[in-house]
Amino acid sequence: MTSSGILPDHFAFPAILKAVAALQHLPLANQIHAHVLKYGYGTSFVPVANSLLNVYGKCGDISDVYKVFERIPQSHRDTVSWNSFISALCRFEDWETALEAFRLMLLDDVQPSSFTLVSVAHACSNLPRHHGLRLGKQLHGYSLRMGDIKTFTNNALMAMYSKLGHLNDAKVVFELFEERDLVSWNTMLSSLSQNDMFLEALLLLHRMVLQGLQPDGVTIASVLPACSHLELLEIGKQLHAYALRHDILIGNSFVASALVDMYCNCRKVHSGRRVFDYATEKKTALWNAMITGYAQNEFDEEALMLFIEMEAAAGLCPNATTMASIVPACMRSEAFVHKLGIHGYVLKRGLGTDHYVQNALMDLYSRMGNIQIAKTIFDNMDVRDIVSWNTMITGYVICGQHNNALLLLHEMQRVDQEKNESSYEHEKRIPLKPNSITLMTVLPGCATLAALAKGKEIHAYAIRNMLASDVGVGSALVDMYAKCGCLNTSRKVFDTIPCRNLITWNVIIMAYGMHGKGAEALELFNCMVKEVKPNKVTFIAIFAACSHSGMVREGQNLFYRMKDEYGVEPTADHYACIVDLLGRAGQVEEAYQLINDMPLELDKTGAWSSLLGSCRIHQKVEIGEIAARNLFHLEPDVASHYVLLSNIYSSAQLWDKATDIRKRMKEMGVKKEPGCSWIEFDDEVHKFIAGDASHPQSGQLYGFLEILSEKMRKEGYVPDTSCVLHNVDEEEKETLLCGHSEKLAIVFGILNSPPGTTIRVAKNLRVCNDCHEATKYISRITDREIILRDVRRFHQFRDGRCSCGDYW
């Protein structure tokens, strides 16, 4: 046109500028702008100026947007001028300025259009929740006063309410207008999926199809996450078939990504890989979906190989999502030796400050035992979301630092309450209320420390926040109450769980077993098999229950039926349980024979360990020596094997052999794990170690123990000095027995709690014969119920008797 000598006018320039905006070519936009000025169609021609606003907004130069807008005379600025300006500000995510421009537009008496309201609603949705919702509702009210009931305005309002967490308001808007288009349905479907209302999303899709609307790629990509999370594989396949029939998959990386995610979440990883391989356009999101699918299903080598291919073959740069998935795969993969190297790679890529990647790195270091590095990453995070807190709490639990896990839970709740504190500026917009994952993570800590009061507090929180019916939280509560000695409460929680899974059943069977109620555990097992199929953990739990209750015939019967009736192949752990069952009942020779009959491919370490423990109970020196020799070969660095054999020798008064074992331990640098007991008091867990004198009340505790010892002797108590492995005189042995950690914890509980209060103590090792006998006397003298959980089972002492019947 220009080479023909025909001058473009104010009709030609808007058209050509629209084309430049579509190309998003800034140098070309500058050239056309120069022609505009050259031919005298500057800011005085409003349609041309508006087109310049639009082109600079889309080509990425906000400073030029401001310049063009400011040069349009105020009296010439029309609705399109303001719309283009506000839209450009939103594109550059300058939300507050966009809203200020809207206010100035109203002050200039320029009538907003539906396009204005759409941009302003988008700006409101990106503000902090409370502020955005307040302004968004004002905008909604304004649109109603204007009588603007256009479909795209309502679509924008629905999206705004959904993003600000008010899905019910979005639903109301959706239901109140009839001129719904495909975008309306897609907006609502996407909102439901993003807010984890997956069943409602599927029902809405059904309703949409009944009304005659044909789903498009956005519809399919919005609904597939529902199939993924609910593991509805068949519906997911139907959506896949629909996408194939309607050519939706061609060139649509979003739908392909959603399909890969769905198949991998439903554990059909190979189907996900087929979708990935046949996708014509593989964007980063699709690569991430496949890598994540591999990693979540622990196909770690495949995830790592695809990660390498993504960068080397496809030439794509990994982003934060990629790294958040690949870090856990690196952690688990035995083939990936230099695990710390992945942190260096993250830093090299400039992704070290992304909080999703930081969460993954925290988990990596925790599982490697480097909890301090994990805590350093946590402390230096700019943004901590709920996953960050859960990951750090989980790290403490993995590393056995349960008290720190509980302290961090307190800190998490404090941060949620103190939202005005400047150091948590980013977290003001992120809800930090503990969720189901938090509770499932921290409840085992309460169980380990016998922190019943804290466990009850968490249970109350779960009830208030509608989390108690969650099967994962419910199972953790069942376990916590059982391990804190409250079996009846544990059963009540179990009975209230609406949908019990395999883990729930395993936990309750284990609970009854630990409390020595084998018959009830067997009855529960028989109920369980009518609902769910037992797994290998189930049989470990039921065998342990039979062992603690002396139910040898029942346990053996199940052992020989487990493969044929339940399809569970006996493993090394199952053989170890049966060895324990036989040995505990005094059938040590039969237990020894069972080990000799084990399949050659099975690891016999656990079975030999069980046999050695049985030899200690029944003082079988010869077989004990055989078991110990095998264990010294298999696990030369495990102290408990040496201690048990030394204990056997000491009980048989073979002092020279006992001394040789202790000398061998010293030469090899093998150290015995010290006895440690915990008791909760006044919202704090108190820890006692054998012979410990560091507690503030130590003097008082040892003094009260001496008083109790005198009273116990008058009642007939005789210290069992066979528990002392040192060849010293009887008086010194009795002194050593007084320092055992469980005695210190029990006495602490008696001195610091009102008369009649139940004492609950947890111990990291098996309770010794003397402490068991002494606790029976203490329970009668002090008129207390004492619940002691050792590493194997529960002992409930009352009126001078123990619930185990001295069978442990």
inquiry  = Looking at the structure I just gave you, is GLY5 of a type outside the set (Asp, Glu), open to solvent by 50 Å² or more (accessible area, probe 1.4 Å), modelled with pLDDT under 85 and on the phi > 0 side of the Ramachandran plot?
reply    = yes
ask   = In the range 614-641, which residue that is under 36 Å from the mean Cα position of the chain (by Cα) and within 21 Å of ASP770 (Cβ to Cβ) is surrounded by the most Cβ atoms within 10 Å (Cβ to Cβ)?
value = SER640
query = Does PRO719 count as over 36 Å from the mean Cα position of the chain (by Cα), free of Cβ contacts under 8 Å to residues at least 12 places away in the same chain and assigned to a loop (DSSP other than H, G, I, E, B)?
reply = no
ask   = Got at least one residue in the range 267-285 being crowded, with 22+ Cβ neighbours inside 10 Å, more than 26 Å from the chain's Cα centre (by Cα), of a type in the set (Gly, Ala, Ser) and in a helix (DSSP H, G or I)?
value = no
ask   = Does ALA329 satisfy the condition of being farther than 20 Å from ASP385 by Cα and buried (at least 19 other Cβ atoms within 10 Å of the Cβ)?
value = yes
task = Select from the range 517-527 the residues that are open to solvent by less than 30 Å² (accessible area, probe 1.4 Å) and not hydrophobic (A, V, I, L, M, F, W, C) and list them in ascending order.
result = GLY518
remark   = Result of the Cβ filter at 8 Å on the range 81-97, keeping first residues that are at pLDDT below 95 and of a type in the set (Asp, Glu) and partners that are in a helix (DSSP H, G or I) and open to solvent by 10 Å² or more (accessible area, probe 1.4 Å), at least 6 apart or interchain, is ASP94/ILE62
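Grab the helices (runs of 4 or more DSSP H) fully contained in the range 34-112, keeping just those with 3 or more residues being farther than 23 Å from ASP148 by Cβ. Lay out the reasoning, then the answer.
Working: elements: 46-59, 62-71, 79-91, 95-107.
So the answer is 46-59, 62-71.
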task = Being part of a loop (DSSP other than H, G, I, E, B) and surrounded by fewer than 18 Cβ atoms within 10 Å (Cβ to Cβ) is the filter here, so list the residues in the range 569-586 that pass it.
result = GLU569, THR571, GLY586
task = Please name all residue pairs, on different chains or six or more residues apart, with Cβ atoms under 9 Å, provided the first residue is in the range 162-175 and is at positive phi and the second residue is part of a helix (DSSP H, G or I) and open to solvent by 40 Å² or more (accessible area, probe 1.4 Å).
result = GLY165/ARG129
ask   = Among (1) surrounded by 22 or more Cβ atoms within 10 Å (Cβ to Cβ); (2) of a type in the set (Phe, Trp, Tyr); (3) within 29 Å of the chain's Cα centre (by Cα), where does TRP185 come up short?
value = (3)
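Can you tell me which residue among PHE559, PHE543, PHE539 is crowded, with 22+ Cβ neighbours inside 10 Å, in contact with a His (Cβ under 8 Å, 6 or more places away or on another chain) and more than 16 Å from SER610 (Cα to Cα)? Step through it out loud before you land on a result.
Numbers: PHE559 fails: crowded, with 22+ Cβ neighbours inside 10 Å; PHE543 fails: more than 16 Å from SER610 (Cα to Cα).
Among PHE559, PHE543, PHE539, only PHE539 is crowded, with 22+ Cβ neighbours inside 10 Å, in contact with a His (Cβ under 8 Å, 6 or more places away or on another chain) and more than 16 Å from SER610 (Cα to Cα).
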ask   = Looking at GLU234, is it in a helix (DSSP H, G or I), charged (D, E, K, R), out of contact with any Ser or Thr (no Cβ under 6 Å at 6 or more places or on another chain) and more than 26 Å from GLU298 (Cβ to Cβ)?
value = no
query = What is the one condition in (1) crowded, with 24+ Cβ neighbours inside 10 Å; (2) over 26 Å from ASP790 (Cα atoms) that LYS530 does not satisfy?
reply = (1)
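The values are calculated or read from the model by the stated rules, or taken from the named source; none is laboratory data. A quick note: this is a predicted structure, and the numbers were derived from the prediction, not measured. When we count neighbours, we look across all protein chains shown, and the Cβ atoms used for this are built from the backbone with ideal geometry, even at glycine. For accessibility, only protein heavy atoms count, side chains too; no ligands or nucleic acids. Shrake-Rupley method; radii C 1.70, N 1.55, O 1.52, S 1.80 Å.
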